[in-house]
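Below: the structure, in structure tokens.
The values are calculated or read from the model by the stated rules, or taken from the named source; none is laboratory data. On a predicted model such as this, the values are computed, not experimentally measured, just so you know. As a convention, Cβ positions derive from the backbone with ideal geometry for all residues, glycine included, and neighbour counts pool all protein chains shown.
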Amino acid sequence: MNTKYIYTFGYRVEEVELCQLEMRALFGAQSETGVLMSNICVDPDRSPFMRERLEVLYEGSTLEDIYDQVTQVELGDQTFKVIFMKMNDLSAADKIEYDDQRGIERKLGLIIEGDADVRQPDQTFGILTLGGRWYFGNYIKSKAIWLTHMKKPKSYSIALSTRVARAIVNIAIPVPTGVKAIDPCCGIGTVLVEALSMGIDMIGRDINHFVVQGTRENLIHFEYESSVECGDIAEVTEHYDVAIIDLPYNHFSHTTIEAQVSLIQHARRIADKAVIVTVGNIDDLLADVGFTILDRCTTRKSNFIRQILVCQ
């Protein structure tokens with residue numbers, strides 16, 4: 001029997017499409033409610049939107065079914081804590097109030113054999129209702145390690161935000177094992193930092209010498225190691241599984257349409273798959289160089305809208 005995992009997500013209105021694209025990449029499905037069940041195990045630290053993960057041990061149609069089953073929990077000398085997970089798909093009329101949530105936690109704590117410790121437990125359990133059923137299991141809360149990456153020694157205003165960059169890495173590389181990736185226009189290294197923090201084999205490259213120096217400083221600051229070279233994408237001879245390209249924008253740089261065309265052509269040459277971030281419509285251009293758009297979304301920052309295109 002496959003293990004079930006339940007994930008909860010939090011995102012701003014302008015991030016809905018990006019979060020759902022990340023869900024589709026990681027799980028092959030998306031949720032409209034911010035709660036998603038899957039047989040796929042993903043570390044909740046990976047996603048900037050993921051709040052919690054419940055590894056289901058027991059399930060039932062009523063709370064009494066859960067109370068009966070948790071008598072099987074064996075903790076030995078370990079201490080424990082039970083958390084009522086607040087996100088669910090209940091209607092406003094069926095909402096479980098705070099006092100009732102605490103009552104459910106207390107009752108489970110009395111049934112489970114072992115010593116409770118609400119401050120530093122050895123084991124944390126979660127309880128959640130979804131789709132008319134109840135689920136109990138091992139609970140993990142995201143540590144949101146990506147937040148520390150927001151304070152880079154070197155940065156600039158038009159770079160992707162840390163949250164967007166981390167989501168894009170997950171969209172491009174949902175299963176990192178054995179994947180070789182490149183960011184050939186890495187800028188200050190926002191995408192590169194997120195990829196390396198997840199143990200992904202990615203190198204960086206940029207045509208701007210001063211930017212490359214800044215990227216190297218950022219990697220040293222966060223104690224990540226990777227190759228970051230100064231040079232044009234046209235000079236790349238190795239082949240990669242994935243390329244992530246944040247296309248330069250005409251109104252923020254000296255790039256030209258011809259330069260963007262060249263970037264996309266070389267991306268097609270050096271990588272089997274590409275995730276391309278653009279502010280313009282490049283669908284026809286992608287088709288012309290042989291890319292097929294597999295999935296897409298938009299993300300907004302104030303009035304600045306980016307398209308994120310998954311191509312193969």
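Consider segment 1-15 and keep the residues that are of a type in the set (Phe, Trp, Tyr) and in contact with a strand residue (DSSP E or B) (Cβ under 8 Å, 6 or more places away or on another chain). The one that is nearest to residue 60 (Cα to Cα) is 5.
In segment 36-52, the residues that are under 11 Å from residue 198 (Cα atoms) and in the same structural domain as residue 131 (by TED's automatic domain parsing) reach residues that are β-branched (Val, Ile, Thr) and at pLDDT below 95 with C-beta atoms within less than 7 angstrom, at least six apart or across chains, in these pairs: 45/145.
Residue-by-condition table, conditions (1) surrounded by fewer than 22 Cβ atoms within 10 Å (Cβ to Cβ); (2) outside the structural domain of residue 304 (by TED's automatic domain parsing); (3) in a strand (DSSP E or B); (4) within 19 Å of the chain's Cα centre (by Cα):
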position	(1), (2), (3), (4)
121	yes, yes, no, no
124	yes, yes, yes, no
128	no, yes, yes, no
137	yes, yes, yes, no
153	yes, no, no, no
156	yes, no, no, no
166	no, no, no, yes
170	no, no, no, yes
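So, in segment 220-234, exactly how many residues are closer than 19 Å to residue 266 by Cα and part of a helix (DSSP H, G or I)? The number of residues fulfilling the criteria is 2.
Summed over segment 266-300, residues that are under 19 Å from residue 162 (Cα atoms), in a strand (DSSP E or B) and of a type outside the set (D, E, K, R) total 7.
Can you say whether residue 5 is hydroxyl-bearing (Ser, Thr, Tyr) and either surrounded by 15 or more Cβ atoms within 10 Å (Cβ to Cβ) or under 30 Å from residue 149 (Cα atoms) (or both), as far as the supplied structure shows? Yes, satisfied. Considering the conditions (1) on the phi < 0 side of the Ramachandran plot; (2) touching a residue at least 60 places away in the same chain (Cβ under 8 Å); (3) not hydrophobic (A, V, I, L, M, F, W, C), residue 129 is excluded by exactly one of them, (2).
Filtering segment 202-220 to residues that are surrounded by fewer than 20 Cβ atoms within 10 Å (Cβ to Cβ), touching a strand residue (DSSP E or B) at 6+ places or on another chain (Cβ under 6 Å) and either closer than 19 Å to residue 181 by Cα or outside the structural domain of residue 173 (by TED's automatic domain parsing) (or both) leaves only 216. When 14, 74, 32 are screened for being surrounded by fewer than 17 Cβ atoms within 10 Å (Cβ to Cβ), among the charged types (D, E, K, R), assigned by TED's automatic domain parsing to the domain that holds residue 118 and touching a Lys or Arg at 6+ places or on another chain (Cβ under 9 Å), only 14 passes.
Out of 246, 284, one residue alone is acidic (Asp, Glu), closer than 20 Å to residue 154 by Cβ and in the same structural domain as residue 191 (by TED's automatic domain parsing). It is 246. If you go through segment 185-219 and keep only what is outside any helix (DSSP H, G or I), aliphatic (A, V, I, L, M) and over 14 Å from residue 156 (Cα atoms), you end up with 198, 200, 202, 203, 207. Note down all Cβ pairs under 9 Å where the first residue falls in segment 97-111 and is in the same structural domain as residue 82 (by TED's automatic domain parsing), the second is surrounded by fewer than 15 Cβ atoms within 10 Å (Cβ to Cβ) and among the basic types (Lys, Arg), and they're at least six residues apart or on different chains. Listed pairs, sorted by first residue: 101/86. Selection over segment 80-119 of residues that are within 27 Å of the chain's Cα centre (by Cα) and polar (S, T, N, Q) gives a count of 1. Before we move on, is residue 263 closer than 16 Å to residue 183 by Cβ, modelled with pLDDT under 95 and in contact with a strand residue (DSSP E or B) (Cβ under 9 Å, 6 or more places away or on another chain)? Answer is yes for this residue. Out of segment 273-312, which residues are loosely packed, with under 13 Cβ neighbours inside 10 Å and of a type in the set (Asp, Glu)? If the condition is that a residue be loosely packed, with under 13 Cβ neighbours inside 10 Å and of a type in the set (Asp, Glu), then 284 is the only one that fits. Checked against (1) crowded, with 16+ Cβ neighbours inside 10 Å; (2) modelled with pLDDT under 95, residue 92 passes all but condition (1). Candidates in segment 249-260 are the residues that are surrounded by 15 or more Cβ atoms within 10 Å (Cβ to Cβ) and modelled with pLDDT of 80 or more; of these, the one that is nearest to residue 164 (Cα to Cα) is 260.
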